Amino acid sequence: MRVGRAAGVTDTGRRRLRNEDAFVCEPPFFAVADGMGGARAGEIAARLAASALEERAALARDEEGVVELIVEANRRIWERALADPSTAGMGTTLTAALVDGEQGQIAVGHVGDSRAYRLRDGALEQLTTDHSLVAELVQSGVLTPEEAERHPQRSAITRALGTEPTVEVESFTVEGKVGDLYLLCSDGLSTMLGNDDVVAAIEEGRGDPAAAAEALVVAANARGGEDNITVVLFELEEGEPEVATDVEPAAPAVAVTRSEPALTTDLPQSNASETGGDVSRHGAGPGGRAAAIALLVTILVLGVLVLYWGISR
Ligand code: MN
């Protein structure tokens with residue numbers, strides 16, 4: 001078997017000003033990242049993760065390879081945060097999947113609460129377990145799944161990429177079947193839509209992953225769009241797996257991801273634009289401090305003048 005059609009969409013949603021999610025849709029490799037951190041740090045973390053994965057995705061062959069990619073992405077974010085104090089504490093979730101068509105297997109690695117689901121024969125199954133506070137409370141029987149869904153701390157994650165020098169990646173491999181549809185998504189989708197809504201939206205796409213991805217984003221926004229929404233969908237089809245060289249699969253990969261050219265091309269560029277943004281932020285930092293000092297000095301001088309004026313009267 002092999003990857004058939006695939007599509008990725010990311011949307012800011014209706015409440016947030018910025019989109020701090022990122023994704024990779026490079027068949028047979030896929031990932032979703034949901035960044036966190038002050039200012040633009042979450043955006044930087046998610047994009048660093050996506051670009052690190054994208055760069056090295058072709059090196060991964062199996063589950064172990066997927067874990068190595070994620071560990072490397074963690075290292076890059078951590079080192080960047082050390083080098084740039086304005087991004088200190090930044091992090092991201094990451095959920096990645098690699099299809100091995102030869103073996104008919106899908107390797108999944110994840111950190112945080114972005115999810116992987118599989119739709120098989122009309123039934124949606126969540127493959128990942130969130131690394132989140134509420135998921136742990138559900139596991140230990142403190143909360144019911146229904147209570148967890150409405151819990152105010154439902155977006156608090158217990159593991160993230162980039163916040164520590166090392167990261168514990170959860171990974172597993174599942175057997176694929178022709179006709180399977182896999183969904184990777186950020187919590188902006190899964191907190192807005194229940195399983196039935198997800199299935200309904202995918203069915204609206206009538207088997208086309210690009211149309212299904214759009215329908216999912218529209219549905220999440222219709223429910224409030226309270227967070228950034230990111231969706232990556234891919235199907236498994238009959239056929240010879242793509243050859244694992246960089247030259248051969250170029251044609252099918254491009255054809256497969258045609259439905260979202262703007263987004264795919266955005267990712268490699270994101271690195272550059274993000275670096276550019278960061279450079280300008282470096283400039284803004286000391287500049288802002290200088291302005292603050294100037295203001296402070298002005299206030300002090302005025303204070304002294306007023307005092308002097310008061311005494312001299
Ligand atoms: Mn989110």
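The values are calculated or read from the model by the stated rules, or taken from the named source; none is laboratory data. Being a predicted model, the structure only gives us computed values, none of them experimental. We place every Cβ from the backbone using ideal geometry, glycine too, and count neighbours over all the protein chains shown. Quick note on the areas: whole protein, heavy atoms, side chains included, nothing else; ligands and nucleic acids left out. Shrake-Rupley method; radii C 1.70, N 1.55, O 1.52, S 1.80 Å.
Once the Cα-Cα distance is subtracted from the 0.36 nm per residue extended length, the Val71 to Thr158 segment shows a gain of 29.6 nm. Accessible area of Glu68 (1.4 Å probe, protein heavy atoms only, ligands and nucleic acids ignored): about 110 Å². With R₀ set to 35 Å, the beta-carbon distance separating Val297 from Ala83 gives a calculated FRET efficiency near 0.65. 3J(HN,Hα) along region 49-63, derived from phi through the Karplus expression 6.51 cos²θ - 1.76 cosθ + 1.60 where θ = phi - 60°, amounts to 4, 4, 6, 4, 5, 4, 4, 10, 4, 5, 7, 7, 10, 8, 4 Hz, with x in place of Gly and Pro. Once the Cβ-Cβ distance of Glu240 and Gln126 is raised to the sixth power relative to R0 = 35 Å, the FRET efficiency obtained is 0.70.
Between amide H atoms placed 1.01 Å from N, distances below 5 Å from Arg5 occur with Glu235, all of them 5 or more places distant or on a separate chain. You can think of it this way: the chain between Ser140 and Arg16 has 41.4 nm of extra reach, that is 0.36 nm per residue less the Cα-Cα gap.
Between the amide H of Arg61 and those of Val66, distances stay under 5 Å, these residues lying 5 or more places away or on another chain, with hydrogens modeled in the peptide plane.
Computed with a 1.4 Å probe over protein heavy atoms only, the accessible surface of region 36-114 comes to 35 Å² per residue. Overall, the accessible surface of region 1-133 at a probe of 1.4 angstrom is composed of carbon and sulfur to the extent of 45 percent.
Taking other residues whose beta carbon is less than 10 angstrom from the beta carbon of Gly224, and scoring Lys, Arg as +1 and Asp, Glu as -1, yields +1.
Please compute the length gained on full extension between Lys177 and His151, using 0.36 nm multiplied by the number of residues separating them and subtracting their Cα-Cα distance.
Full extension from Lys177 to His151 adds 5.8 nm.
Applying a DSSP loop filter and a limit of 16 other Cβ atoms within 10 Å to the trypsin sites (Lys or Arg not before Pro) in region 147-185 leaves Lys177.
Counting only heavy atoms of the protein chains, get the accessible area per residue of region 137-225 (1.4 Å probe) and round it to a whole Å² value. Before the final figure, lay out the partial values.
Values: 4470 Å² over 89 residues.
Per-residue accessible area for region 137-225 comes out at 50 Å².
Across region 194-244, the relative contact order, built from alpha-carbon pairs under 8 Å that are at least six residues apart, equals 27 percent.
Taken one residue at a time, the phi angles of region 12-23 give Karplus couplings (6.51, -1.76, 1.60, θ = phi - 60°) of 5, x, 9, 10, 8, 7, 10, 9, 9, 9, 8, 8 Hz. Gly and Pro are set to x.
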